[in-house]
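Colleague: One structure, pasted below without further comment.
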Amino acid sequence: MAQCTERADALRNREAVLAAADALFAASGSPQSVSMDDIAAAAGVGKGTLFRRFGDRAGLIGAVIASRLEPLRHAVREAQDAPGSSPRQRVSDLLDASLRFKIENRNLMTAAEDAGLSSPYRAEHYGWWHEVLRTALDQVPGVHDADFTAHALLAAIRADLVAHLIDEQGVDAEGLRSSLAAYIDKVLGTG
């Protein structure tokens, strides 16, 4: 029985830390400016719990990203199973969903890269997006190499590029989404 209580406590602590980190990162505008002490205090846990559970800042940022991605993954899985949309439309919808996520979470996604989460291509979420997109591209007539095309299209919406275009170049989110749609049309050819 004690083991079940510990597991429930551990789960509660994990959720409290993720919620506190997510809220503090969002409020600060820059996850790098939030200390691990601030997160531990807001979550009501000791700093040691934070490090044991997540390892370091990069591990915590990765866990927050994963928790934010889960509802999107669920929606993508449901959309894949829905009848009616063409393969080209599914590709466009997938990339638009990923772009919207990166626009809304660009500070967090950029912080993940800055925190040393290694190459974005090694991130678990990148592998998932690539596989889902490659599978959709396999169904689009005329796509020569779905694997490469998926990588190339995902490169067009890298978090650092999205942050640069919006925050430094002043491109608005809708303009960026429109440019992406036009780029997808060019890459896939006209329908």
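Colleague: Select from the range 52-111 the residues that are farther than 28 Å from ALA16 by Cβ, polar (S, T, N, Q) and open to solvent by 50 Å² or more (accessible area, probe 1.4 Å) and list them in ascending order.
Modeller: GLN80, SER86, GLN89
Colleague: Please determine, by comparing only the residues of the range 23-32 that are assigned to a helix (DSSP H, G or I) and within 13 Å of ALA112 (Cα to Cα), which one is most open to solvent (accessible area, probe 1.4 Å).
Modeller: Within the range 23-32, the match that is most open to solvent (accessible area, probe 1.4 Å) is GLN32.
Colleague: Continuing with the same structure: Pick from ALA146, ALA173: which is at pLDDT 95 or above and either within 14 Å of VAL91 (Cα to Cα) or in contact with a strand residue (DSSP E or B) (Cβ under 9 Å, 6 or more places away or on another chain) (or both)?
Modeller: ALA146
Colleague: Could you check, for the range 17-34, whether at least one of its residues is hydrophobic (A, V, I, L, M, F, W, C), at pLDDT 90 or above and touching a Lys or Arg at 6+ places or on another chain (Cβ under 9 Å)?
Modeller: Within the range 17-34, one or more residues are hydrophobic (A, V, I, L, M, F, W, C), at pLDDT 90 or above and touching a Lys or Arg at 6+ places or on another chain (Cβ under 9 Å).
The values are calculated or read from the model by the stated rules, or taken from the named source; none is laboratory data. The model shown is predicted, which means the values in this text are computed figures rather than measured ones. Counting neighbours? That spans all protein chains shown, and the Cβs are built from the backbone with ideal geometry, glycine included. Note: accessible area is taken over every heavy atom of the protein model, side chains too, but ligands, DNA and RNA are not part of it. Shrake-Rupley method; radii C 1.70, N 1.55, O 1.52, S 1.80 Å.
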